[in-house]
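Visitor: Attaching a single structure in structure tokens format; questions to follow.
The values are calculated or read from the model by the stated rules, or taken from the named source; none is laboratory data. Remember, predicted model here, so these are calculated numbers, not experimental data. Ideal geometry is used to build each Cβ from the backbone, glycine not excepted, and the neighbour counts take in all protein chains shown. Quick note on the areas: whole protein, heavy atoms, side chains included, nothing else; ligands and nucleic acids left out. Shrake-Rupley method; radii C 1.70, N 1.55, O 1.52, S 1.80 Å.
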Amino acid sequence: MGWLAALGSFVSKAVSVVGSVISKVGEVVVEGAKKFLSVGVEILEKAVTIIDGVAKAAGIIEPDQHAEDIGDRAMRADKKPEDFDSINGYIDYLKKDIEGHTQAELESLPPEERLARKAVGCTVLSKAISEKKSLDIPYDFWETAVKAGLTALEIDTFLTKFKASGLEPEDFNKYLKKELEFSKARKFDNAMVTAYKELEPEMTEEEITEKIIGLKQDG
């Protein structure tokens, strides 16, 4: 149990770090970052990869930028998201007006400091993705995506299809757990099939169906 206790202490320290910058990033970002930290280090690290990928695909951040960098800038900024008309306007401010640290500088920080920055960055980017996609994406959606083993490209495509079909990301977890009513589950089925036809055009419809069934079992 020793390593588990150490891991819990590590996350607790990161939560404290996040709480200490509430005057910098605002209450909404702090609460979101704490939710990301609550899922544990392993899931958060995988969520970072997915969120980075979706944010890059949406043109929110550049190919060489990432959640930890955005979180680091946010924690040193003089303005908060609520000072802007949009979260993407806030991110533009962070990228243009707040000087970034090098990767080596970030890697030199204590582990809890780095984890806090990743959680803050994930929160900011998740909100920006919601804004870009015109979808309400709850924080636990990313946990669902990680546990289902989905990639950033899959998630980016799914979100586009969900929007086109009038589906809400908050129902995705229920869909994978087979807890949705038949009519809504059917709409998800159709959206997923359409997504995979775009993602993997060489797959047959039967293979796509098997892949989706596998996601439901994993979910």
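Visitor: Measure nothing but the geometry: give the 0 to 90° angle between the long axis through the Cα atoms of 41-57 and the longest principal axis through the Cα atoms of the chain, rounded to 10°.
Guide: It is inclined by approximately 80 degrees.
Visitor: Using r as the Cβ-Cβ distance of Glu206 and Ala185, and R0 as 22 Å, what FRET efficiency do you calculate, to the nearest 0.05? Present the calculation step by step, with values, prior to reporting the outcome.
Guide: Details: r = 19 Å, r/R0 = 0.87.
Using R0 = 22 Å, I get an efficiency of 0.70.
Visitor: On to the next question. Taking a probe of 1.4 Å, how large is the accessible area per residue of the stretch 126-219, in Å²?
Guide: Per residue, the stretch 126-219 has 53 Å² of solvent-accessible surface.
Visitor: For the chain, what % of the accessible area comes from carbon and sulfur atoms, probe 1.4 Å? Please list the in-between numbers first.
Guide: On the way: 5330 of 10860 Å².
Looking at the chain in its full context, I get 49 percent from C and S.
Visitor: Measuring from label point to label point, each 7 Å out along Cα→Cβ, what is the Asp85 to Leu199 span in nm?
Guide: 3.5 nm
Visitor: What does the extension gain come out to for Leu109 and Thr151, with contour length at 0.36 nm per residue minus their alpha carbon separation?
Guide: My answer for the length gained is 12.3 nm.
Visitor: Could you sort Glu68, Glu202, Glu62, Glu143 by their accessible area in this structure, using a 1.4 Å probe and putting the largest first?
Guide: Glu202, Glu62, Glu143, Glu68
Visitor: Determine the gain in length on full extension of the stretch Ser9-Lys216; use 0.36 nm per residue of separation and subtract their C-alpha separation, reporting nm with one decimal.
Guide: The Ser9-Lys216 span can extend by a further 71.2 nm.
Visitor: Taking 1 over the mean of 1/r across every pair of different Cα atoms in the chain, what Kirkwood radius in Å do you get?
Guide: This gives a value of 18.1 Å.
Visitor: What angle, in degrees between 0 and 90 and rounded to the nearest 10, separates the Cα long axis of helix 27-38 from the longest principal axis of the Cα atoms of the chain?
Guide: 70 degrees
Visitor: Working from Cα positions, state the angle (0 to 90°, nearest 10) between the long axis of helix 152-165 and the longest principal axis of the chain.
Guide: Result, in degrees: 60.
Visitor: Oh, and also: From the residues Val54, Phe172, Ala148, which one has its Cα farthest along the dipole of the chain in the positive direction, the dipole being from +1 and -1 charges on Cβ of Lys/Arg and Asp/Glu about the Cα centre?
Guide: Phe172
Visitor: Report the gain in length on full extension from Ser38 to Lys96: 0.36 nm times residue separation, minus Cα-Cα distance, nm rounded to one decimal. Walk me through the numbers on the way to the answer.
Guide: Working: separation 58, 0.36 × 58 = 20.88 nm, distance 3.08 nm.
Between Ser38 and Lys96, full extension yields an extra 17.8 nm.
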